Amino acid sequence: MTSHLENALPEPDTLAAALMWDDYRAAVGLDGSADYEVDYFGDSPALCDALLAEVTAGDKRATASLENEYAAAGEALPQAGSHWIACDSTGTPRIILRTSDVQLLAFDEVDESFAYAEGEDDRTLASWRREHERYWRRTEWNAGRPWTPETTMQPGHRVVCERFEVVWPRARTV
């Protein structure tokens, strides 16, 4: 979350997320040992909703974050097969995602395929680099951590390139 109060996202509705998770588990026969995270895309209400709309439209099937963001939050990195519930800007859970692949890369190692899968802007690698550099310079600065693309060449600071699929709610058939 950002340190700017006017851009802060509310705490996710964890009770609604738990109910959504129970519905999903029952529908697909997932055992009770499976776990999930509840989170947002982006760091502001407008960005959160815009990115969630890209996911629900089918354009966005990947997301990028930084290793040190997970460490700062005391969270484990995503793993293939893990689940997370994405909320909208009000904290309401909207969809369940299953991580299909995770790679840890330096900023300059992210390729066109990943940029396209992330589904943002014009989906080119050039726009991915421009917009992510702008985003991470801002968010890392707000967190008191200077950031440059070169920072991601160091272990613990790499880009977490996560591909996912939407697993709930199930796609409607006509």
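The values are calculated or read from the model by the stated rules, or taken from the named source; none is laboratory data. Because the structure is a prediction, the values reported are computed rather than measured. Heads up, the Cβs are rebuilt from the backbone with ideal geometry, glycines too, and the neighbour counts pull from every protein chain shown.
Screening P169, P155, P149 for residues that are farther than 30 Å from R25 by Cβ, modelled with pLDDT under 95 and of a type outside the set (A, V, I, L, M) leaves exactly one candidate, P155. Take segment 124-150 and flag every residue that is farther than 17 Å from T63 by Cα, in contact (Cβ under 8 Å) with a residue 12 or more places away in the chain and among the polar types (S, T, N, Q). Residue satisfying the conditions is N142 alone. Only one of the numbered conditions (1) basic (K, R); (2) at positive phi; (3) assigned to a helix (DSSP H, G or I) is violated by R123, and that is (3). Taking S82 as the residue in question, decide whether it is touching an Asp or Glu at 6+ places or on another chain (Cβ under 8 Å), surrounded by 14 or more Cβ atoms within 10 Å (Cβ to Cβ) and in contact (Cβ under 8 Å) with a residue 40 or more places away in the chain. Yes: the conditions hold for S82.
Taking segment 7-28 as the search range and keeping residues that are farther than 10 Å from P93 by Cβ and of a type outside the set (D, E, K, R), which one is surrounded by the fewest Cβ atoms within 10 Å (Cβ to Cβ)? Result: A26.
Just name the residue that is nearest to A106 (Cα to Cα) out of those in segment 129-146 that are over 19 Å from the mean Cα position of the chain (by Cα) and exposed (fewer than 14 other Cβ atoms within 10 Å of the Cβ). Step by step, filter segment 129-146, then rank; the result is P146.
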